[in-house]
1. Could you say whether any residue in the range 132-145 is touching a strand residue (DSSP E or B) at 6+ places or on another chain (Cβ under 9 Å) and part of a helix (DSSP H, G or I)?
2. Which of the helices (runs of 4 or more DSSP H) found entirely inside the range 215-273 contain at least 2 residues meeting this: closer than 25 Å to residue 16 by Cα?
3. Looking at the range 9-23, can you tell me whether even one residue there is in a loop (DSSP other than H, G, I, E, B) and acidic (Asp, Glu)?
4. Could you look through the range 299-336, keep only residues that are in a helix (DSSP H, G or I) and among the aromatic types (Phe, Trp, Tyr), and pick out the one that is farthest from residue 365 (Cα to Cα)?
5. Hey, could you check the range 522-580 for residues that are within 21 Å of residue 600 (Cβ to Cβ) and of a type in the set (Ser, Thr, Tyr) and say which is nearest to the chain's Cα centre (by Cα)?
6. When both residues are 6+ apart or on different chains and their Cβ atoms are under 7 Å apart, which pairs have a first residue that lies in the range 353-366 and is free of Cβ contacts under 8 Å to residues at least 60 places away in the same chain, and a second that is crowded, with 19+ Cβ neighbours inside 10 Å?
7. With the checklist (1) modelled with pLDDT of 95 or more; (2) within 30 Å of residue 577 (Cα to Cα) in hand, flag the one item residue 50 doesn't pass.
8. Can you tell me which residues in the range 64-107 are among the aliphatic types (A, V, I, L, M), within 15 Å of residue 118 (Cα to Cα) and in contact with a Ser or Thr (Cβ under 8 Å, 6 or more places away or on another chain)?
Amino acid sequence: MNLGSKDLIPVDHAKTLDGLFLRRIERSPERPAYRYFERDQGWRVLTWREMGDRVALWRQALAGESLEIGDRVAMLLRNGPEWVLFDQAALSLGLVTVPLYTDDRPDNAAYILEDAAVKVLLIQDAGRWKRLAEAIGDSPWPQRVIILESGPAANELAAHDTRVRVAASWLSDRAPPLSRRDGDPHALATIVYTSGTTGRPKGVMLSHQNILTNAHAVLRLVDVYSEDLFLSFLPLSHMLERTAGYYLPMMAGATVAYARSVAQLAEDLQRIRPTVIIAVPRIFERIYRRIDDQLQARPAPVRWLFRLAVASGWRAFLREQGRAGWHLCLLLWPFLKRQVGAPVLQKLGGRLRAAVSGGAPLPIGVARTFIGLGLPLIQGYGLTETSPVISFNPLDDNLPESVGVPIPGVEVRLGDHDELLVKGENLMQGYWNDPEATARVMTHDGWLHTGDRARIQDGHLFITGRIKDILVLSNGEKVSPADLEIAIGLDPLFDQVMVVGEGQSYLSAILVLNADLWPGIAQEHGLDPNLAESLHDAQLHKNLIKRIRLALSDFPGYTKIRRVTLTLEPWSIENGLLTPTMKIKRNRIIEHHAAAIASMYGGDAQRPA
């Protein structure tokens, strides 16, 4: 029997997302559902039955707010059981949930609350509500605000604002047990606002059926057991974490543990010892950089042994995948895996069956290193508009350079300019309040324009760049800046990178330097790290350009970076240069650095070398 599907709840049994929750309680009431950390009590566990009892209390409280089916309610919360409690309570009443990013700018959150006409908002703490209230101003939305964390500040706000309540006093003391409702699977379940790199975010409308079929399709390609333990640290406001790290484990009966914070992730990995993690490439890149930094301080024989371990492990991986034959180095792999690979994997808990990377391209060098050390690392691809998974690499057909194979029920084809088009039950209903934007991305016969360039080879998808982000040089050469930025960004000196050069004869780069490494680099060049003019030193620029060319040695000659702009000012959500999902806003950054970019392309002193 396939253990992975033994306890799987079929889509037609669940019907709706709240129906899925009830089915799970019926199937495994006493099994652990969630693990979470409380300051005074340490790590705690909630069973599915206990979760059901708590959802009933939240449902009762929401029912007292005079809401109608289809009304929107929002949550601005850190990951934790309360996120699930509020989501499930709202869904069980036929309400539509609108997740907000905890790190988003208040003006963006205020725009979403008004655009969606959110009636009830559950927010983490009093401080967040104070900041958000200033941005909301006189808007009538939300009509009710529930502050999750109690305390003097929250109580004071509740005393002076009739729309504010503290969760502890708002929640019901008792409630009737949850019961199944005859919900429409195709009804709107959630509006998820995309963190667009240009303009205001758009509200993606997803139904219960969209999300349920997406989670189920993924489970047809990968086994998830009831004994599995997921560690959740990507924000639940992100559809990748919500579908793959919340609804999917519920469908399979697995347990989810909520990490305390990204800063405490290393410690939580050791404590929780998960079997599955879902992360963005940035997490794997940070670990990769840390390993590389530590290696540089070790003797040459240690560095050689590490490289040999990665090469041997990679060869073993290729052989297991049926893509390479036997090699002499495979004799060394069991020893190297035990002596080199195992200590690294122990820092990730030592029990990982699958580490999933999504949300952005995973550098092949990073993937090769982790896979070479024995980590089952797989990359996937999707969009908020597709609930979100379009494709991923199964463990037994893992081609790390690709974003995997389309999941069952999803059709893909290439359109004009090799744009990837997608069709399936996971496609959104459209953009909230924006039929024109919907019409621009969805065809009359049900295909979605992803905006990504791709190629399809041996059943695998390869994303080659964004249609809009492609830079066209004056000689007609087309360049995908994202590929170059990933390669340059692997250097620990460069925290953030953006390549520019549209319509120019050569490429340049804007580089945000690592503030910790900058003083050492400055001193090596005889510069004062505290002086702004040090960032403009010609010899420094020349040496860094050489460093970048080494990083881009495998790219075509026309992709060389000829000029750089250096800055110590990070691009952040707060200054409007990053989206909440940590994607750079290219147009905003170009505006922000307009003078520097003009300088890189103007005057005799700036002619390419």
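The values are calculated or read from the model by the stated rules, or taken from the named source; none is laboratory data. The shown structure was predicted, so the numbers you read here are calculated from the model rather than taken from an experiment. Cβ sites come from the backbone with ideal geometry, for glycine too, and all protein chains shown count toward neighbours.
1. yes
2. Per the criteria, 239-242, 248-252.
3. No, the conditions are met nowhere in the range 9-23.
4. Once the filter is applied, the top-ranked residue is 335.
5. By that ranking, first place goes to 567.
6. Taking only residues 6 or more apart or on different chains, the pairs are 364/400.
7. Against the list (1) modelled with pLDDT of 95 or more; (2) within 30 Å of residue 577 (Cα to Cα), residue 50 comes up short only on (2).
8. Matches in the range 64-107: 73, 74, 75, 76, 90, 91, 96, 98, 100.
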